[in-house]
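The values are calculated or read from the model by the stated rules, or taken from the named source; none is laboratory data. Predicted, not measured: the structure shown is a model, and the values here were computed from it. Every residue, glycine among them, receives a Cβ derived from its backbone with ideal geometry; neighbour counts consider all protein chains shown.
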Amino acid sequence: MPAITEKEAKGSVARLYKDIRLTLGVPVVNLIWRHLATIPGALEWCWASLKPVYESNAVINEASFVRYRVFPNCDEKFPSFCLRAVGLSGTDVNSIQFVLNSYHRSNALNLVALSSLLAKLKDSEQLNNRGKLCDPAVDYDLIISGSPVVGHMPPLIPVQDMSPDVLELVQSVNRIGKRDTILPSMYRHLANWPSFLALVYLVLLDLEKNGTLDRNINLSLDLARTAGNRISNIIPDDIPTMTDESLERSKVAMERFINGPIGKMTAIVPLIINYMDTS
């Protein structure tokens, strides 16, 4: 997937990346934005369209509700002794949790916001047959830890720098849940701890076999489509457009990411978080 990395970004792209990190409250620019930066005018146009959405309470509430609905209600954990047995120190576990929390926050925000932009482009009617999506009496942000994530991400390991075994492990994990034509950046971060990624592989494989994973992925996509239609009116109407070619490429990219890694990882990350034993 073509992308301009955060290290490669210069000038206006670097400034937009900084604004994206600050606005979303995460320490990393997600792959969808790094890919849009390769399409002439797309990063500028998409960010100008969606920044008001990200700054609104509406998308924060909707994204928090998505996290709430897909978060698993089960007691299975990786016991602390198992994590130690595979060579993970307390510092390693904290770093892994930091990665998971970062993507847990950004995935839902991106999924809902990008769905709203697609709805706007398709001139969809607002969905109102279900009333309000969120229950205002529930603080989903506190329940699901949707607060800004501050800190430094571990290295994003280039695929070409992975050993053959680690690369096969990363690719095998990504094949779980299908929708695997794009490699999520989170797996490249977690490749810093192959032993943990191997545990994740076994857990996700079981969740795929019993149908839990597919149900949660479809749920995240359904919720995001509903939310996106509901809040698409927040997007300004007066954003200068780009060329027809760039617009079409942007729409294709957003659809691929929504129905691929973002929708998929919005469901997978909370499943992994649930297995982390914080006791």
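As an exercise: evaluate Lys122 against (1) charged (D, E, K, R); (2) free of Cβ contacts under 8 Å to residues at least 60 places away in the same chain; (3) buried (at least 23 other Cβ atoms within 10 Å of the Cβ) and give the number of the one condition it does not meet.
Failing condition for Lys122: (3).
Here's the yes/no breakdown for (1) among the aromatic types (Phe, Trp, Tyr); (2) assigned to a helix (DSSP H, G or I):
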residue	(1), (2)
Asp180	no, no
Tyr187	yes, yes
Ser195	no, yes
Asn229	no, yes
Leu247	no, yes
Val252	no, yes
Ile268	no, yes
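Just to be sure I understand the filter: pairs with C-beta atoms under 9 Å, separated by 6 or more residues or on different chains, first member in region 33-60 and closer than 13 Å to Ser12 by Cβ and part of a loop (DSSP other than H, G, I, E, B), second member β-branched (Val, Ile, Thr) and modelled with pLDDT of 95 or more. Which pairs pass?
What qualifies is Ala37/Ile4; Ala37/Val13; Ala37/Val29.
Output the residues belonging to region 173-189 that are among the hydrophobic types (A, V, I, L, M, F, W, C), under 13 Å from Ala267 (Cβ atoms) and surrounded by 22 or more Cβ atoms within 10 Å (Cβ to Cβ).
Correct list: Met186 only.
Yes or no: Leu83 at pLDDT 95 or above and either among the aromatic types (Phe, Trp, Tyr) or out of contact with any strand residue (DSSP E or B) (no Cβ under 7 Å at 6 or more places or on another chain) (or both)?
no
Residue by residue through region 17-32, note down the ones that are in contact (Cβ under 8 Å) with a residue 12 or more places away in the chain and surrounded by fewer than 21 Cβ atoms within 10 Å (Cβ to Cβ).
Passing the criteria: Asp19, Thr23, Gly25, Pro27.
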